[in-house]
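The values are calculated or read from the model by the stated rules, or taken from the named source; none is laboratory data. Computed from a predicted model, the values in this text were never measured in an experiment. Here the Cβ positions follow ideal geometry from the backbone for every residue, glycine too, while neighbour counts run over all protein chains shown.
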Amino acid sequence: MARHSNKRPARRERRPKASPTTLLGLEILRWAHGGEGVGIPSDGPLAGRVVFVPDAVPGDVVDVALSEAKERWARGHIARLIRPSPERAEVPCSVQDRCGGCPWMAGSATAQAASRRSILVGELKKRLAMSDVALRQVTMLESPDRLGYRQRLKLTFERRSDGVLLGFLGKKSHVLVDVPRCEVADERLNEVLPDVRLRLAELAAASQGRVTLLAGDEGVAGVIETRDGRVLPFGPDRVRLPFGSYAQSLSPRAFAQANGKVTGQLLATLEGWAATARGADDTDPWAVELFAGAGTLTLALWRAGWRVVAYEVAEAARPGFESTREAAAIPVERGQWHAADLAIGMPWPAPPPPALIVLDPPRTGAAEVMPWVRASGARCVIYVSCDLATGLRDLATLTCDGRFEVSSVVGLDMFPHAGHQEVMFFVRACDQSPSA
């Protein structure tokens, strides 16, 4: 019989928690994905812990007034800017310090590009264990425009008894910041904001909701959606959006990428990969597209010579897809579209055996359908991710048993002045048999 000791096991020694105070002379090393500056003190009670500092730029040296201090990290705000970074840039926006949309705007384009690459490469190494040789091959495509690039805006409004608030929610808050103009928006969108405010002023006091604006060749299409369910469209029903050498007509209620020129870069990359994915004996191959929306990515697949069967959960996207197919002069049999809930784990109705699968899921990713993708028999998979964490989670599922390996990675600066980036992955089936 085992003996029981009354002696208590030794407790694991914990690092002391620092109380809110001021951290002196912290050097900001990089940006975090969410937009905060990051520093790591080398001495003192916070030595070795990650300290997050909003509004800081890599290279700044600052005194930080701490508001939180945990076992592994701390957070605070700049109490004093001791030495500004050489990468600090003039902020052209009057509300950037309150609006949550452009947290990196105080840094140069060079600093932003370096941080985007650092974040992407670091996550690829950590989550997919990619080699240093493979990481050096990662391609980063920068936005040609730093301001005025957004062709689509989604704003929040509140109609009060004393006027209208129209803008964006503040940094890490639900406080509505009124925005007279947006410096990263297409100027045509800024020009219609006064008219939008007049329309909102006609609503009953206490009305709230969203305004979506889409700038295209025919002007600005818009829709007001109130919380009580009213939908008030204005402007053209649809507008033509140029995406580099591509174009698509969409309504403001359909999903559209915000940055037209970077979307052109994405489509050109996708077309090249899709052409590479065709085998020498493929005369008329099938591609399956998941989360297809109104068919923006489908344009590149058709141009690369693929027949496409597309799946999308939102039935409302069907007219947009059909319009896109008609404008591209694609026969119905080469561009089939189905409304399907991909959360069930597979596309339905079942597609023909695909040689290529393309996914462009929402931020929540495509976890439910990835086992089907892995077992589909496809030679290649192209995954377009708007959330790096869920994208890498899904890629880890796809590559976990050795059937697939990541061949190419491209990061795209879809939203300059923010940590967000679109990431494209080209994944090939391996020649060897699947591992046990």
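If you take the residues of segment 259-280 that are small (Gly, Ala, Ser) and buried (at least 18 other Cβ atoms within 10 Å of the Cβ), which of them is farthest from CYS430 (Cα to Cα)?
Taking segment 259-280 as the starting set, the residues that turn out to be small (Gly, Ala, Ser) are 260, 264, 268, 272, 274-275, 277, 279-280.
The next check asks that each one be buried (at least 18 other Cβ atoms within 10 Å of the Cβ); those that pass are 260, 264, 274, 277.
Numbers: GLY260: 35, GLY264: 30, ALA274: 17, ALA277: 13 Å.
That would be GLY260.
Which of the residues belonging to segment 164-174 are touching a Leu at 6+ places or on another chain (Cβ under 9 Å) and in contact (Cβ under 8 Å) with a residue 24 or more places away in the chain? Before you say what the answer is, go through the steps one by one.
Initial filter on segment 164-174 (touching a Leu at 6+ places or on another chain (Cβ under 9 Å)): 164-170.
VAL164, LEU166, GLY167, PHE168, LEU169, GLY170 - these are the residues of segment 164-174 that are touching a Leu at 6+ places or on another chain (Cβ under 9 Å) and in contact (Cβ under 8 Å) with a residue 24 or more places away in the chain.
With the structure loaded, tell me whether ASP284 is without any contact (Cβ under 8 Å) to a residue 24 or more places away in the chain, under 30 Å from ARG159 (Cα atoms) and either part of a loop (DSSP other than H, G, I, E, B) or more than 22 Å from the chain's Cα centre (by Cα) (or both) or whether it fails that test.
Here the answer is no, as ASP284 does not meet what is asked.
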Out of ALA375, ALA343, ALA327, I need the residue that is free of Cβ contacts under 8 Å to residues at least 12 places away in the same chain and surrounded by fewer than 17 Cβ atoms within 10 Å (Cβ to Cβ). Which one? ALA375
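Tell me which strands (runs of 3 or more DSSP E) are completely within segment 39-154 and hold 3 or more residues being in contact with a helix residue (DSSP H, G or I) (Cβ under 6 Å, 6 or more places away or on another chain), or say none if there are none.
On the way: elements: 50-53, 61-69, 73-83, 139-141.
In segment 39-154, there are no strands (runs of 3 or more DSSP E) which contain 3 or more residues that are in contact with a helix residue (DSSP H, G or I) (Cβ under 6 Å, 6 or more places away or on another chain).
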Filtered residues of segment 211-240 (kept if in contact with a Leu (Cβ under 9 Å, 6 or more places away or on another chain) and small (Gly, Ala, Ser)): ALA215, GLY216, ALA221, GLY222, GLY235
Tell me, yes or no, whether segment 313-323 has at least one residue that is at pLDDT 95 or above, part of a loop (DSSP other than H, G, I, E, B), surrounded by fewer than 20 Cβ atoms within 10 Å (Cβ to Cβ) and not β-branched (Val, Ile, Thr). no
